[in-house]
Amino acid sequence: MRALVTWLLLLASMASAAADESELRIGPIDAVLTVPPDIARPPVALLIAGSGSTDHDGNGPQLKPATLKKLSEQLVARGIATLRYDKRGAGEWKKEFGRPEDFRFKDYVGDAAALIDYLRGSGKFAHVAVVGHSEGGLVAILAAQRVQIDRLVLLATAARKQGAVLKALLENQLPPDKFAPVGKAIDDIMAGQIVDPPPAGLAIAPAMQPAIASAFTEDPIDPMKKITGPVLVVAGGRDHQLARLDFLALTTADIAAKSLWLPDMNHVLVDVTDAADDVASYNEPERPLDPDLIDAVAGFIGQK
């Protein structure tokens, strides 16, 4: 099986190498457009990365799973164009973004909406899908309230406010006496208060807390209920960042959504065997994505 997966990845890489890949500047956003060869008007997928200063490959300063790069290669090999981009703060904070402390989560949403408008306005694509991974799923849901999209794919996306997700993660990681001040600080930041100094274990500078609060308090469920187009929700059983509750809540919010639960898949969309394997996978860019995930996403985006 491993040999087969390696062979399929090689084929996908060869197809990607033959594709037309170009670097673009769309407003202040640096992006990479990859178009499969010999297809006049392919469907296109905007790939939106997860939390942190994540680049167009899906890599951050410490963790480098190359999630978006691998997803792009597999989609392009199946005749689907992709546009992936550097989030604000990836590499460097550009002056066009204003001051970091003035950032608000709506800016991420505005960036995604501008890229969707670019793809739709180009006239080069049969239809436009938006694929959000982790926090990128929340960005995608909110962008769909602003601009028209043809299909929405949510990969390992929370159904709760991000502040609540972070609290749950830290509660599992910290002893009760250390978690108590951290949990209270998260609640206070979500309520619009400034916590100065922040407690040990929550390194959010006071000047940045309003920006973080704007991300912590966005609730995906109400806007999810307003989406009328086709939706695919995919999550994995070995995702230590999200519970199955999130998967169920998203599919309940849109009862028409298609869904796929992959028992061995983790948060960076690869199959793992145990906790140690899960941690290792966050810095293994060569590890293939779950093949059933690829089939489902490509089939959903590619359908006419």
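The values are calculated or read from the model by the stated rules, or taken from the named source; none is laboratory data. In this text the structure is predicted, and so the values were computed from the model without any measurement. Don't worry about glycine lacking a Cβ; one is built from the backbone with ideal geometry, like all the others, and counts go over all protein chains shown. Calculation scope for accessible area: heavy atoms of the full protein, side chains included, ligands and nucleic acids excluded. Shrake-Rupley method; radii C 1.70, N 1.55, O 1.52, S 1.80 Å.
Summary of values
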read-out	value
Every residue from region 89-123 that is closer than 24 Å to Ala66 by Cβ, assigned to a loop (DSSP other than H, G, I, E, B) and either open to solvent by 70 Å² or more (accessible area, probe 1.4 Å) or at pLDDT 95 or above (or both)	Gly91, Glu92, Trp93
Residues being surrounded by fewer than 23 Cβ atoms within 10 Å (Cβ to Cβ) and either among the aliphatic types (A, V, I, L, M) or under 17 Å from Ala156 (Cα atoms) (or both) - total across region 39-55	4
Lone unmet requirement of (1) touching a strand residue (DSSP E or B) at 6+ places or on another chain (Cβ under 9 Å); (2) farther than 22 Å from Ala159 by Cβ; (3) open to solvent by 60 Å² or more (accessible area, probe 1.4 Å); (4) in contact (Cβ under 8 Å) with a residue 24 or more places away in the chain for Lys258	(2)
Wholly enclosed helices (runs of 4 or more DSSP H) of region 141-216 bearing at least 3 residues among the β-branched types (Val, Ile, Thr)	176-190
Positions within region 268-285 being open to solvent by 10 Å² or more (accessible area, probe 1.4 Å), free of Cβ contacts under 8 Å to residues at least 60 places away in the same chain and in a loop (DSSP other than H, G, I, E, B), in sequence order	Thr273, Asp274
Thr228, sole failed condition from (1) of a type in the set (Val, Ile, Thr); (2) modelled with pLDDT of 95 or more; (3) open to solvent by 70 Å² or more (accessible area, probe 1.4 Å)	(2)
Pairs, first at negative phi and among the small types (Gly, Ala, Ser) in region 54-72, second at pLDDT below 95 and part of a loop (DSSP other than H, G, I, E, B), C-beta under 9 Å, six or more apart	Gly60/Ser51; Gly60/Gly52; Gly60/Ser53; Gly60/Ala90
Test: Gln74 is among the polar types (S, T, N, Q) and closer than 28 Å to Leu166 by Cα	no
Pair list, Cβ < 9 Å and 6+ apart or interchain, from region 96-124 residues that are closer than 27 Å to Ala81 by Cβ to residues that are open to solvent by 40 Å² or more (accessible area, probe 1.4 Å) and among the basic types (Lys, Arg)	Val109/Arg146; Gly110/Arg146; Ala112/Arg146; Ala113/Arg146; Ile116/Arg146; Gly123/Arg41; Lys124/Arg41
Qualifying positions in region 124-137 - open to solvent by less than 10 Å² (accessible area, probe 1.4 Å) and not β-branched (Val, Ile, Thr)	Ala129, Gly132, Gly136, Gly137
